[in-house]
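Student: I am attaching a structure below and will ask some questions about it afterwards.
The values are calculated or read from the model by the stated rules, or taken from the named source; none is laboratory data. Remember, it's a predicted structure, so these values are computed and weren't measured experimentally. Cβ placement follows ideal geometry from the backbone for every residue including glycine, while neighbour counts extend to all protein chains displayed.
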Amino acid sequence: MTKLFFRFYLGAVLACAVSLTAATLYLSDFYTKTEAKAYLRMTLGLQKSIVSQAQLHNTAPDFSDLENDYPFLISEIDLNTLPDDVRKGLQQNSVHVALRASLFQSEVDVYYPSYRENKALVFEPNTNFDQPYNQMLLTLLVFTLLGLALMMFYLIQPIKRQLKDIANIAQEIGQGRFNNRANESAPAPINQLASSINKMSDQLQKLLEDKKVMMGAAAHELRTPLARLRFALDIARSDTEPTNTIKQLEAMDPDLDQLESLIDEILLFSKLSFETSKPDCKKINIRPELERLIEERAVFYPKLNIDLNVPVNTFVYADRSLFLRAFSNILNNALHYSKQQLSITCLESTEHINIYVEDDGPGLATHLYKQVLRPFFRADQSRNANHGNSGLGLAIVNNIMDLHSGTISLEKSELGGLKISLQWPLTDTDNKPTTQEQK
């Protein structure tokens with residue numbers, strides 16, 4: 001934190017130095033000319049006094065006495081030693097002002113005709129008179145730097161405390177304590193850092209919770225088909241009749257299919273949970289894809305009325321395989337619970353495209369809407385994996401929507417059952433994910 005203070009302090013000092021330098025460059029010409037006018041007024045009366053006193057007493061004045069009372073060094077020089085422009089100025093104007101300006105200093109020399117021929121009086125700045133002024137400037141500079149340091153120290157203390165709090169929160173998160181939260185009311189941009197830390201904590205907590213659930217539930221889900229396979233295999237070994245053995249081996253096929261399906265869903269859910277890269281999104285025409293999914297399954301539900309209200313040429317940008325997997329899971333769920341009616345509707349707004357899947361089944365209690373999106377959760381606890389429900393279907397859909405920056409929500413359907421809403425967000429104008437195109 002000491003380094004941070006010195007960086008802030010040096011930055012402030014450099015900013016002040018640059019500002020003063022720029023102001024000096026901008027005002028130096030104006031200041032030099034103003035100073036020259038002031039010197040000219042002060043020296044004019046002094047020159048006249050010197051000349052009149054010399055002519056009156058017919059003696060050379062003592063310049064050293066005058067130098068103690070005036071901020072000038074006075075000398076008398078030969079006109080022939082002066083530059084041409086100075087001699088010309090004295091001849092035409094009886095005075096010549098020479099300006100010598102640099103970045104941090106400006107000097108004014110004033111030339112007058114002397115009381116003797118071919119001589120000139122030169123008035124130069126007396127630096128001895130500048131010493132108190134320079135000491136005052138130095139004192140002012142020291143106190144300014146000290147005041148700036150105190151101000152920076154005062155201003156940096158809240159930042160120091162806030163960054164220290166965020167560092168402590170990060171350590172807490174690193175040790176697995178995700179309940180602590182960084183203060184998001186801090187000034188920008190620290191509040192953005194705190195918000196990012198909190199979001200990271202939430203994501204890590206969710207990942208760890210999902211991992212724990214996966215480890216416990218996967219073992220439980222795999223145990224049932226494995227037990228049945230073990231039982232069938234033991235019977236096949238103990239039966240000496242070849243025909244019975246073959247029947248037992250054939251009976252193992254459904255359990256193997258179920259086991260394979262369960263493993264595939266576990267692997268897909270795990271992959272989606274830890275996926276960090278963006279999905280390979282492409283333009284998908286929704287209606288043909290949904291028609292194909294419905295056609296493949298409708299044969300198993302001949303008495304079910306399926307109403308597809310999706311406009312022709314309605315497009316969405318999504319990963320095709322994940323899009324199909326999400327709707328397969330939702331459609332399978334709706335088909336399983338529907339009694340007579342199933343409705344699929346698509347509505348497009350300026351910001352989203354919304355797809356609704358509704359059924360007239362038994363529905364769900366309101367307090368279960370969020371829980372069914374968790375892995376291995378079954379609303380009907382009497383059902384088990386033998387009934388075709390692994391408890392991962394909607395959890396996989398939830399992860400797919402997260403990857404596409406979309407949302408899934410559940411509510412009661414007007415048909416009497418459950419209504420599942422998928423909301424796909426729009427992107428920028430160049431890659432608008434949904435359009436209504438006319439043939």
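Student: Kindly check whether there is at least one residue in segment 205-223 that is under 30 Å from Phe178 (Cβ atoms), of a type in the set (S, T, N, Q) and at pLDDT 75 or above.
Tutor: Yes; the residues of segment 205-223 include at least one that is under 30 Å from Phe178 (Cβ atoms), of a type in the set (S, T, N, Q) and at pLDDT 75 or above.
Student: Please count how many residues of segment 236-291 are among the β-branched types (Val, Ile, Thr), more than 39 Å from the chain's Cα centre (by Cα) and not in a helix (DSSP H, G or I).
Tutor: Qualifying residue count, segment 236-291: 1.
Student: Please go through (1) within 13 Å of Arg325 (Cβ to Cβ); (2) surrounded by fewer than 17 Cβ atoms within 10 Å (Cβ to Cβ) for Lys282 and return the number of the only condition it doesn't satisfy.
Tutor: Condition not satisfied by Lys282: (1).
Student: I would also like to ask the following. Go through the residues of segment 155-164 one by one and say whether even a single one is farther than 30 Å from Leu73 by Cβ, out of contact with any His (no Cβ under 8 Å at 6 or more places or on another chain), assigned to a loop (DSSP other than H, G, I, E, B) and not assigned by TED's automatic domain parsing to the domain that holds Leu20.
Tutor: No, because not a single residue in segment 155-164 is farther than 30 Å from Leu73 by Cβ, out of contact with any His (no Cβ under 8 Å at 6 or more places or on another chain), assigned to a loop (DSSP other than H, G, I, E, B) and not assigned by TED's automatic domain parsing to the domain that holds Leu20.
Student: Consider Lys271 carefully, then state whether it is touching a residue at least 24 places away in the same chain (Cβ under 8 Å) and farther than 25 Å from Gly417 by Cα.
Tutor: It is false that Lys271 is touching a residue at least 24 places away in the same chain (Cβ under 8 Å) and farther than 25 Å from Gly417 by Cα.
Student: So, of the residues in segment 99-126 that are exposed (fewer than 12 other Cβ atoms within 10 Å of the Cβ) and either closer than 20 Å to Asp65 by Cα or hydrophobic (A, V, I, L, M, F, W, C) (or both), which turns out to be modelled with the lowest pLDDT?
Tutor: Looking at the filtered set, the residue picked out is Leu103.
Student: Then there's this: Considering only segment 160-183, state which residues are touching a residue at least 60 places away in the same chain (Cβ under 8 Å) and crowded, with 16+ Cβ neighbours inside 10 Å.
Tutor: Within segment 160-183, just Leu163 meets the criteria.
Student: Here is a follow-up. Could you check segment 298-312 and list, in sequence order, the residues that are surrounded by 14 or more Cβ atoms within 10 Å (Cβ to Cβ) and either of a type in the set (S, T, N, Q) or within 33 Å of the chain's Cα centre (by Cα) (or both)?
Tutor: Passing the criteria: none in range.
Student: Working carefully through the options Glu351, Glu358, find the one that is surrounded by 16 or more Cβ atoms within 10 Å (Cβ to Cβ) and either modelled with pLDDT of 90 or more or charged (D, E, K, R) (or both).
Tutor: So the residue among Glu351, Glu358 that is surrounded by 16 or more Cβ atoms within 10 Å (Cβ to Cβ) and either modelled with pLDDT of 90 or more or charged (D, E, K, R) (or both) is Glu358.
Student: Return yes or no: is Ser64 part of a helix (DSSP H, G or I) and modelled with pLDDT under 75?
Tutor: For Ser64, the condition - part of a helix (DSSP H, G or I) and modelled with pLDDT under 75 - is met.
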